[in-house]
């Protein structure tokens with residue numbers, strides 16, 4: 001399967017978001033791929049508010065099925081959420097469950113004025129009424145495959161496809 | 001590292017090697033201890049927010065079964081459970097059904113019939129939490145919050161968390177545990193955790209009357225003299241002088257104890273200049289620790305209390321998710 005270049009999609013995403021930002025816009029990445037993207041967006045858009053990062057493990061809806069995820073990183077929201085305009089960033093938008101968890105977590109920091117969603121790839125398959133305002137590309141991915149963002153040795157971002165229960169394709 | 005066979009025999013682990021109950025730090029592999037410490041890190045951030053609560057254990061019922069009086073430990077477990085959105089029921093059993101003659105397991109059966117998901121147990125008898133863990137249905141989890149002289153694993157884990165936060169790594173530390181080792185479940189749990197996590201030198205410092213027989217077998221170096229025992233130490237773990245556990249007169253007086261084993265600024269100066277001082281609380285000021293040290297720059301006694309909540313949140317979430 002031919003995958004698009006993540007760096008090209010990031011440029012598309014940055015250009016889209018640039019239209020809609022103001023001095024009180026903040027970006028928040030969802031661990032791990034979303035944080036890499038949010039770092040790049042934050043730099044590219046030269047935002048004044050510091051970068052935020054969320055690990056949504058404590059808000060996930062599959063705790064009852066699979067328990068706690070290993071390697072949870074601390075969430076870090078270093079700006080005042082109350083009244084802020086937040087752009088939530090994730091690498092791959094799929095079922096929408098991660099985004100639901102992230103929105104719930106953000107509200108435990110305060111009441112934002114708005115939240116918009118940016119994703120590098122929208123692979124469809126939504127199980128919740130969630131939509132992204134900014135999308136790098138839409139891509140048909142079979143349900144048995146997992147699409148993930150990776151950070152290469154030179155710091156550049158790339159997309160990879162996995163079989164859900166096996167390794168890299 | 002513990003072998004697979006040994007792990008499958010450990011009553012604390014389920015058949016997948018996951019933590020099912022937390023009863024003691026003894027026999028737990030380093031990977032499980034480190035997973036608890038790693039999971040506690042993000043919970044520290046949660047407890048610093050305006051909304052100090054996550055929805056992880058929403059709908060779960062956690063029973064605090066305290067057969068022995070305790071304010072601090074019970075409160076920190078209660079706060080931890082509430083910050084995970086669980087429902088907490090506190091039972092002070094020393095003054096309720098036990099005095100009417102109900103047995104320990106009858107009490108547990110009754111509470112299980114009320115759909116308990118987790119029991120936090122404090123009991124004066126060593127092994128009480130083990131007994132309950134062996135008895136309950138597999139979906140119920142048990143945390144030992146202190147049993148007799150045996151174990152107090154969450155206290156040891158919050159101590160390990162505090163040490164790692166201050167010193168970053170366990171592998172180059174010299175740690176001294178000072179005081180009433182004989183009666184202390186905290187000391188036993190600390191020794192097992194420290195040695196499992198790779199601390200190369202664990203010392204115990206106490207008068208002969210407050211040391212268990214053959215304590216060296218736990219892998220510790222024994223000192224009776226503070227001047228020798230505290231030399232070049234990175235971490236001092238003070239113990240409370242357990243007046244209520246002193247069945248016989250093992251000490252001439254508390255004044256005498258303070259003179260030889262109380263941590264004063266002069267004795268602390270024998271340790272490394274950046275040594276930290278821990279105490280599980282409640283402190284007997286002027287008995288095992290001087291107020292100047294307890295409130296001094298090297299004391300991490302209050303951070304221990306704060307971290308204790310994050311560590312207990314981590315233990316509860318790991319158990320509930322296994």
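The values are calculated or read from the model by the stated rules, or taken from the named source; none is laboratory data. Being a predicted model, the structure only gives us computed values, none of them experimental. Neighbour counts are summed over all protein chains in view; Cβ atoms, including those assigned to glycine, are modelled from backbone coordinates with ideal geometry.
For the residues B:286, B:321, the requirement of being under 30 Å from residue B:12 (Cα atoms) and at pLDDT below 95 singles out B:321.
Restricting to segment A:103-128, and then to whatever is surrounded by 18 or more Cβ atoms within 10 Å (Cβ to Cβ), in contact (Cβ under 8 Å) with a residue 24 or more places away in the chain and within 13 Å of another protein chain (Cβ to nearest Cβ), can you tell me which residue is farthest from the chain's Cα centre (by Cα)? Only one residue tops the list, namely A:109. Taking the conditions exactly as written (in a loop (DSSP other than H, G, I, E, B), surrounded by 15 or more Cβ atoms within 10 Å (Cβ to Cβ) and in contact with a strand residue (DSSP E or B) (Cβ under 8 Å, 6 or more places away or on another chain)), does residue B:283 satisfy them or not? Against the criterion (in a loop (DSSP other than H, G, I, E, B), surrounded by 15 or more Cβ atoms within 10 Å (Cβ to Cβ) and in contact with a strand residue (DSSP E or B) (Cβ under 8 Å, 6 or more places away or on another chain)), residue B:283 qualifies. When residue B:174 is tested against the conditions (1) over 28 Å from residue B:259 (Cβ atoms); (2) in contact (Cβ under 8 Å) with a residue 40 or more places away in the chain; (3) in contact with a strand residue (DSSP E or B) (Cβ under 7 Å, 6 or more places away or on another chain), the lone failure is (1).
Do you know which residues across segment B:115-164 are without any contact (Cβ under 8 Å) to a residue 60 or more places away in the chain, within 27 Å of residue A:65 (Cα to Cα) and part of a strand (DSSP E or B)? Across segment B:115-164, the qualifying residues are B:119, B:120, B:121. Farther than 17 Å from residue B:160 by Cα, touching a helix residue (DSSP H, G or I) at 6+ places or on another chain (Cβ under 7 Å) and not in a helix (DSSP H, G or I), is that true of residue B:222? Against the criterion (farther than 17 Å from residue B:160 by Cα, touching a helix residue (DSSP H, G or I) at 6+ places or on another chain (Cβ under 7 Å) and not in a helix (DSSP H, G or I)), residue B:222 qualifies. Screening residue B:56 against (1) more than 8 Å from chain A (Cβ to nearest Cβ); (2) buried (at least 17 other Cβ atoms within 10 Å of the Cβ) leaves a single unmet condition, (1).
A residue that is touching a residue at least 12 places away in the same chain (Cβ under 8 Å), out of contact with any strand residue (DSSP E or B) (no Cβ under 8 Å at 6 or more places or on another chain) and away from chain B (no Cβ under 11 Å) can be found somewhere in segment A:71-86. Taken over segment B:119-129, the criterion of being surrounded by fewer than 24 Cβ atoms within 10 Å (Cβ to Cβ) and within 22 Å of residue B:321 (Cβ to Cβ) is satisfied by no residue. Confirm whether residue B:317 is within 14 Å of chain A (Cβ to nearest Cβ) and surrounded by fewer than 21 Cβ atoms within 10 Å (Cβ to Cβ). Considered against the rule, which asks whether it is within 14 Å of chain A (Cβ to nearest Cβ) and surrounded by fewer than 21 Cβ atoms within 10 Å (Cβ to Cβ), residue B:317 comes out as no.
Report, by residue number, each residue of segment A:147-169 that is under 23 Å from residue A:11 (Cα atoms) and surrounded by 12 or more Cβ atoms within 10 Å (Cβ to Cβ).
The answer is A:147, A:148, A:149, A:150, A:151, A:156, A:157, A:158, A:159, A:160, A:161.
Under the condition of being within 12 Å of chain A (Cβ to nearest Cβ) and in contact with a helix residue (DSSP H, G or I) (Cβ under 7 Å, 6 or more places away or on another chain), the residues counted in segment B:21-34 number 0.
Screening the candidates B:51, B:44, B:108 for the property of being at pLDDT below 95, within 14 Å of chain A (Cβ to nearest Cβ) and not in a strand (DSSP E or B) yields one hit, B:51.
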